[in-house]
Amino acid sequence: MALRLLQHRADDGARSVILADGDQAWFLNGVASTRELALRAIAAGRALAAEAEVAGKGAAVDIAAELAAGRLLAPIDHDDPAHLWMTGTGLTHLGSAEGRNKMHAAAAAGEQLTDSMRMFLEGVEGGKPAPGQTGQQPEWFYKGDGSQMVGPEQALVMPDFAQDGGEEPELAGVYLIGPDGTPYRLGLALANEFSDHVTERHNYLWLAHSKLRPAALGAELLIDAVPDDVRGTCLIRRDGAVIWEKPFLSGEANMSHAIANLEQHHFKYGLFRRAGDVHVHFFGTATLSFSDDVRTQPGDVFEIAAAPFALPLRNRLERAAADPVLVKAL
């Protein structure tokens with residue numbers, strides 16, 4: 001049993017929401033978006049799964065066939081993309097400091113620990129506080145608004161000035177801010193956070209620049225209980241052949257921070273509790289092809305898969321055309 005919500009767009013543009021339970025799935029009656037269903041649930045004081053049951057099941061649907069046909073969207077969006085925030089936290093997984101430390105060790109010659117390793121160790125020590133207590137603050141970054149969100153089977157386009165376009169297989173939490181400013185976690189999605197690791201490696205203070213990139217979400221929003229142990233695989237195909245493949249781990253059993261701690265440190269800012277806004281928050285990873293000296297190139301296809309998600313997340317890497325900027329004085 002693994003309840004998931006998916007957003008669907010028919011060939012005529014009509015939108016609907018699918019409820020999947022295990023290997024079965026149905027269209028929900030009279031629901032056009034996940035956000036619409038969540039707003040109904042908040043208003044009624046019901047859980048999201050209960051609100052889906054209230055809507056009622058319509059026709060059965062083969063979600064794998066709909067994915068292949070290109071009819072599945074990212075599992076969350078907003079009518080106004082400026083009201084969807086994409087953010088994340090890094091150095092959150094056991095082992096996640098290894099690749100980062102490799103990048104920064106040369107710049108920290110003569111020091112016992114890099115800043116990255118210190119932050120990681122502080123998370124190991126204080127990232128899972130007792131209930132009711134505040135834990136160690138994690139690394140935090142901003143990726144963009146809803147215009148930067150990519151769905152399954154869509155291209156991940158790096159800007160023309162990017163020095164790298166590298167995958168980051170992980171989980172993302174999806175949230176909706178209620179009318180009274182309460183953040184509601186709707187569920188978890190499979191994600192490719194996607195970053196410019198060459199830019200980050202040059203200078204850790206350029207991390208902010210390296211994260212201003214699109215990110216992809218898998219088609220399914222898991223609305224069951226948060227799994228403690230998520231195990232999946234990430235691979236890269238080039239010209240149809242697999243050039244890199246590696247397992248990845250997520251879930252709190254494999255993390256140095258509790259998800260609740262990451263949420264607390266994000267939503268403690270009033271800016272992030274604006275009624276009606278959607279938040280997609282990436283929880284981090286310990287697996288990068290960049291750490292194995294793989295250099296991606298346009299045309300490569302990233303593929304991420306993990307139970308309890310039934311569908312893989314696949315995205316092709318592309319590079320945008322040059323887009324020079326001219327700033328004019330008025």
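The values are calculated or read from the model by the stated rules, or taken from the named source; none is laboratory data. In this text the structure is predicted, and so the values were computed from the model without any measurement. Every residue, glycine as well, gets a Cβ built from its backbone with ideal geometry; the counts of neighbours run over all protein chains shown.
Structural remarks
Condition check ((1) closer than 21 Å to residue 36 by Cα; (2) modelled with pLDDT of 95 or more) across all residues:
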{"site": "188", "(1), (2)": "yes, yes"}
{"site": "191", "(1), (2)": "no, yes"}
{"site": "201", "(1), (2)": "no, no"}
{"site": "207", "(1), (2)": "no, no"}
{"site": "219", "(1), (2)": "yes, yes"}
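- For the stretch 1-34, a residue qualifies if it is modelled with pLDDT of 95 or more, more than 14 Å from residue 71 (Cα to Cα), touching an Asp or Glu at 6+ places or on another chain (Cβ under 7 Å) and not small (Gly, Ala, Ser), and the qualifying residues are 3, 4.
- Verdict on residue 310 being crowded, with 16+ Cβ neighbours inside 10 Å, in a loop (DSSP other than H, G, I, E, B), touching a residue at least 12 places away in the same chain (Cβ under 8 Å) and of a type outside the set (Val, Ile, Thr): yes
- Flag for residue 162 being modelled with pLDDT of 95 or more, closer than 20 Å to residue 84 by Cα and not β-branched (Val, Ile, Thr): no
- Enumeration of residues in the stretch 1-53 that are on the phi > 0 side of the Ramachandran plot and in a strand (DSSP E or B): none
- Total residues in the stretch 236-267 satisfying the condition of being assigned to a loop (DSSP other than H, G, I, E, B) and either outside the structural domain of residue 302 (by TED's automatic domain parsing) or surrounded by 12 or more Cβ atoms within 10 Å (Cβ to Cβ) (or both): the figure is 4.
- Options 296, 287, 233; residue that is out of contact with any helix residue (DSSP H, G or I) (no Cβ under 6 Å at 6 or more places or on another chain), at pLDDT below 95 and either in the same structural domain as residue 127 (by TED's automatic domain parsing) or in a loop (DSSP other than H, G, I, E, B) (or both): 287
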